Amino acid sequence: MSLRTEPVTMNVGPIHPSTHGVFRMRVTFDGEEIVDVEPVIGYLHRGSEKLAEERTYTQVVTLTDRMDYVASMTNNQSYILSVEKLAGITPSPRGVWLRMIAAELQRIASHAVANGFLINDLGAWHTPLLYMLREREKILEMFEMLCGARITNSYLRPGGVFMDAPDQFWPALNRFLDEMPNRIDDIERLLTTNEIVLIRTQNVGVLKKEECLNASITGPVLRASGVDWDLREKNPYDYYDQIEFSRPLGEIGDNHDRFLIRIFEMRESLKILRQCIENIEPGPVRPKEVPFLVRPPKGDSYVPIESPKGELGFYLVSDGGISPFRCHVRAPSLINLTLLKEMVLGDKIADLFVTFGSIDVNMGEVDR
Amino acid sequence: MTKCFSGEKINELIEEIDPKSVVSTNLDSVHIKPENAINIFSKLKDKENCQFNLLNSLTAVDYIDHFEMVYHLTSTIHNHSIVVKIICGEGRKEPKVSSVVSIWKGADLQEREVWDLMGITFENHPNLKRLMLWEEFPGHPLRKDYLR
């Protein structure tokens, strides 16, 4: 005997703890099965691109903090690299190493948050999440030493960073590098082979290689599907060409692969941090001749970087004035959502949030 | 290191695909004719020595006397990238280009964003609705003449 079921359309979000901010979906269910998903976004739209046209190049740095607010340092980095290319500024070596250290610390923090909330969405209420947030807290304290702010850093400036690291920063960083591998081991022992995690994440939300590339999906999601594409290695910016690190790849492209990739990348970031500490030398953190009021010549520039979410790039157009004529953000969070519908079709309601969590989007960056 | 082609090299590549479709060659980009865009983009994606399989970014700029579309394309196979630009229509009236969603699915949300904030119509887009703002919103805020 078969029961006749009627599809039901439901509204999920924008205020919902599993939507990582203000994401809204119009979901149609047939029984427990998902038959249609339509993302409705824009609840956090602040018009950052328009605001950037009214500010000087240095002031825009503060706007970039508020886009992806769990990875402010990489946002700063992407924007600054674009400005430096546009204005032809050569940064100071010490400034570059410092901003690479900041960016890699930020990557660890962002991946920790992503994995913590993914496990939280799976139903492991808060214990693994708080383990992750405890480690992130140490990173935020180091950021506080660097620039006085925890989340909205605005640490970078055209030419390097605005302030040298204080003396207490280096012992804190070394202590973190010593402790963190054990903390990651703890998390792995708790979760990676946990049966419930395996059942809920393996072969759920599978993304194929070709689909991924065609939909411009980048970052850990792309690498989880088995494409070796990391801009730190393929198109090195800053001093990543002097750094050695390996790039883990997934095989299936399911939620579990995406979870594992982030764990591996945290370990790789620790390796990169050690090499940065070896290479950094005393000197100015910012060339004296670079003014705070940058006035680039006419032209445009786009420098993509590997942010924790994927390829992040600022397309800047200059008309020769003191503020950008146009500032477009290539937001990985937004573009990684392109295939959300294809990923969850045919799955159960509960898998929707797990798959959404595994893409790791940040609503500040989706809406800008 | 990703090889960024100069404008002249991009011009050569496109001339092979579709002769006389390049309007002007710049330092690191080319402007192509809007009516040839779909043909050129699909060949750029499939041709052996191009294989631009990743659409990095798609955006529009309001240059006051005209609107310009900017496409950043990368090949993950050959690790090279190009920049292609299109001037949409004449002047500011009803800017319009063909949608590239049929070639790269990744253009879907980005084209909706450009339509929403810059007001450029994409022909043959499967679902051209506003993305960030609501349907009744007056005007397109990223245009230079908005609220001026």
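The values are calculated or read from the model by the stated rules, or taken from the named source; none is laboratory data. All values reported here derive from a predicted model rather than from experimental measurement. Cβ sites come from the backbone with ideal geometry, for glycine too, and all protein chains shown count toward neighbours.
In table form, for the structure just shown:
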{"item": "Selection count where residues are out of contact with any Lys or Arg (no Cβ under 7 Å at 6 or more places or on another chain) and exposed (fewer than 13 other Cβ atoms within 10 Å of the Cβ), scope the stretch A:1-29", "result": "11"}
{"item": "Checking A:Ala103 against (1) farther than 24 Å from A:Ala165 by Cβ; (2) at pLDDT 90 or above, the condition it does not meet", "result": "(1)"}
{"item": "Residue within the stretch B:78-89 that is at negative phi, in contact with a Gly (Cβ under 9 Å, 6 or more places away or on another chain), more than 14 Å from chain A (Cβ to nearest Cβ) and surrounded by fewer than 22 Cβ atoms within 10 Å (Cβ to Cβ) present", "result": "no"}
{"item": "Members of the stretch A:180-217 found to be free of Cβ contacts under 8 Å to residues at least 12 places away in the same chain and either more than 14 Å from chain B (Cβ to nearest Cβ) or part of a loop (DSSP other than H, G, I, E, B) (or both), listed by number", "result": "A:Asn182, A:Asp185, A:Arg189, A:Thr193, A:Asn194, A:Glu195, A:Ile199"}
{"item": "Strands (runs of 3 or more DSSP E) fully within the stretch A:262-368 counting 1 or more residues that are in contact (Cβ under 8 Å) with a residue 24 or more places away in the chain and over 30 Å from A:Gly42 (Cα atoms)", "result": "A:299-302"}
{"item": "Single residue of the stretch A:310-337 satisfying the filter (of a type in the set (S, T, N, Q) and surrounded by fewer than 24 Cβ atoms within 10 Å (Cβ to Cβ)) that is farthest from the other protein chains (Cβ to nearest Cβ)", "result": "A:Ser323"}
{"item": "Among (1) touching an Asp or Glu at 6+ places or on another chain (Cβ under 8 Å); (2) assigned to a loop (DSSP other than H, G, I, E, B), the one test that A:Arg26 misses", "result": "(2)"}
{"item": "Qualifying positions in the stretch A:33-65 - among the aromatic types (Phe, Trp, Tyr) and over 19 Å from A:Phe292 (Cβ atoms)", "result": "A:Tyr43"}
{"item": "Residue count, the stretch B:102-121 (criterion: surrounded by fewer than 20 Cβ atoms within 10 Å (Cβ to Cβ) and away from every other protein chain (no Cβ under 12 Å))", "result": "2"}
{"item": "The one condition in (1) outside any loop (DSSP other than H, G, I, E, B); (2) closer than 19 Å to A:Arg94 by Cβ that A:Arg258 fails to fulfil", "result": "(2)"}
{"item": "Test for A:Ser307: is it within 21 Å of B:Glu68 (Cα to Cα), within 14 Å of chain B (Cβ to nearest Cβ) and among the hydroxyl-bearing types (Ser, Thr, Tyr)", "result": "no"}
{"item": "Long-range neighbours under 9 Å by Cβ, at least six apart or interchain, first residue more than 23 Å from B:Gly7 (Cβ to Cβ) within the stretch B:70-99, second surrounded by fewer than 17 Cβ atoms within 10 Å (Cβ to Cβ) and of a type in the set (Gly, Ala, Ser)", "result": "B:Pro95/B:Gly89; B:Lys96/B:Gly89"}
{"item": "Test for A:Leu273: is it farther than 16 Å from A:Leu81 by Cβ and crowded, with 18+ Cβ neighbours inside 10 Å", "result": "yes"}
{"item": "Qualifying strands (runs of 3 or more DSSP E) (wholly inside the stretch B:46-148; at least 2 residues being among the β-branched types (Val, Ile, Thr))", "result": "B:54-62, B:67-75, B:80-88"}
{"item": "Residue match in the stretch A:341-350 (condition: within 13 Å of chain B (Cβ to nearest Cβ) and within 18 Å of the chain's Cα centre (by Cα))", "result": "no"}
{"item": "Subset of the stretch A:150-187 (residues that are closer than 23 Å to A:Ser82 by Cα and small (Gly, Ala, Ser))", "result": "A:Ser154, A:Gly159, A:Gly160"}
{"item": "Filtered residues of the stretch A:144-172 (kept if part of a helix (DSSP H, G or I), over 21 Å from the mean Cα position of the chain (by Cα) and surrounded by 13 or more Cβ atoms within 10 Å (Cβ to Cβ))", "result": "A:Met145, A:Phe169, A:Trp170, A:Ala172"}
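So that you can scan it fast, the table gives a plain yes or no per residue for (1) within 14 Å of chain B (Cβ to nearest Cβ); (2) free of Cβ contacts under 8 Å to residues at least 24 places away in the same chain:
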| position | (1), (2) |
| --- | --- |
| A:Val8 | no, yes |
| A:Ser18 | no, no |
| A:Gly21 | no, no |
| A:Val35 | no, no |
| A:Tyr43 | yes, no |
| A:Glu53 | yes, no |
| A:Arg66 | no, no |
| A:Gln77 | no, no |
| A:Ile80 | no, no |
